[in-house]
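The next block holds one structure in the form of structure tokens; read it before the comments.
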Amino acid sequence: MLFRELNRGKCKSYLVACEETRMAALVDPVKERLERYLAILAYEGLRLAAVIDTHTHADHRTASFDLRELVGATAVMHRRAPAPHIDRHVEDGDTIPVGKVEIRVLHTPGHTPDSISLYCGGRVLTGDTLMIRGTGRSDFAGGDPGAQYDAIQEKLFRLPDETLVFPAHDYRGNTSSTIGEEKRSNPRLAGRSREAYIDLMNNLGLPLPDKIQEVLQPNETALEDDRLRFPSLAELSKVRQRTAQDVRAELESSSSPLVLDVREPEEFNGELGHIPGSVLIPLKDLPTRAGELEPQKERPIIVVCRAGVRSTTGAAILTGLGFENVANLKGGMLDWNDQKLAVERSRDDG
Ligand SMILES: [Fe+2]
């Protein structure tokens, strides 16, 4: 197995390749370095089988969407990832083949709901879950310090002590560590109870990353900023959230809301299906097509997507256009399906 860190900076991208078949995977590629990755792949004579993001990043734009388009690599993320155009959604225990190398997926939520760690050949790529002598923050983008503590203790710390640890970031110039070293010396974890960890993580008082909205929303939507003016953090935080059960009850009431689905057409009729009676306007078209909803302006609108993230952007856009009664389906079609609520899979079935 060929293994390299490619960025030599604070944001780390990794190349994993099968020397025998010359198939490769890139983990957490950064958009600004796209040409560098293509050059390295060409120089090494490798074919890019997969691009994997360990989570939806808030500090750099991913190159995965570009690499998927340019060389046809399979884009892989956890099932909870909000973005469209992910070719393969993985869950805990799944494997990702790279030639004869097998990468095993560990679901390690907490930094974000869609955080995964990748285990292969005695190494574990820990994303922003476990860092060298640190852990990824869990105070925004669906973060959950309790879930993070559990994922580290019950999944990462059960790997063999000699397993090499490669995080997605390092701000102190470290390059790798081991599970054993982190168990002994990680100051956030060693000798700390779950409760104490949650308390620590909830009180870090870190500023938000620079340009978070210019980075996070394109990563969540796979849209370029010129396609859409993304709402501000303040606009997003005002969006009212409804659970799947709230929405089900509202749909059964006399003042039934209009359900607006903002995913791509292939998702609308894909695996998760859509809520019966819903209207489809993909997020990228919403600013230009919102006029179609004008006749229903008095009616409450529930905006829906895969994970409830793109639809929060959609709801904020509609609110900005003067729609007054807009709410978001929290957890999106993922939660809707998990609750076993009614879905329709195709417009013209039957
Ligand atoms: Fe991150």
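For this structure, a couple of remarks:
- Qualifying residue in region 70-86 (condition: assigned to a strand (DSSP E or B), away from the ligand (no atom under 14 Å from the Cβ), touching a residue at least 24 places away in the same chain (Cβ under 8 Å) and surrounded by 20 or more Cβ atoms within 10 Å (Cβ to Cβ)): yes
- The requirement of being of a type in the set (D, E, K, R), within 16 Å of the ligand (Cβ to nearest atom), farther than 26 Å from Ala316 by Cα and at pLDDT below 95 is fulfilled nowhere in region 209-222; no residue meets it.
- Residue match in region 126-144 (condition: modelled with pLDDT of 95 or more, more than 16 Å from the ligand (Cβ to nearest atom) and at negative phi): no
- Sole residue being surrounded by fewer than 19 Cβ atoms within 10 Å (Cβ to Cβ), in a helix (DSSP H, G or I) and more than 17 Å from the chain's Cα centre (by Cα), chosen from Glu324, Glu298, Glu294, Glu271: Glu294
- Check on Ala316, buried (at least 21 other Cβ atoms within 10 Å of the Cβ) and part of a loop (DSSP other than H, G, I, E, B): no
- Residue list for region 41-66, filter: away from the ligand (no atom under 12 Å from the Cβ) and closer than 26 Å to Met131 by Cα: Ala50, Val51, Ile52, Arg61, Ala63, Ser64, Phe65
- Positions within region 168-212 being small (Gly, Ala, Ser) and either in a helix (DSSP H, G or I) or more than 17 Å from Asp139 (Cα to Cα) (or both), in sequence order: Ala168, Gly173, Ser176, Ser177, Gly180, Ser185, Ala190, Gly191, Ser193, Ala196
- Neighbours by Cβ (under 7 Å, 6+ apart or cross-chain): first from region 135-153, farther than 21 Å from Asp170 by Cβ; second within 15 Å of the ligand (Cβ to nearest atom) and at pLDDT 95 or above: Gly142/Thr112; Gly142/Pro113; Asp144/Pro109; Asp144/Gly110; Asp144/Ser138; Ala147/Pro109; Ala147/Gly110
The values are calculated or read from the model by the stated rules, or taken from the named source; none is laboratory data. Computed from a predicted model, the values in this text were never measured in an experiment. Neighbour counts run over all protein chains shown; Cβ positions are idealised from the backbone, glycine included.
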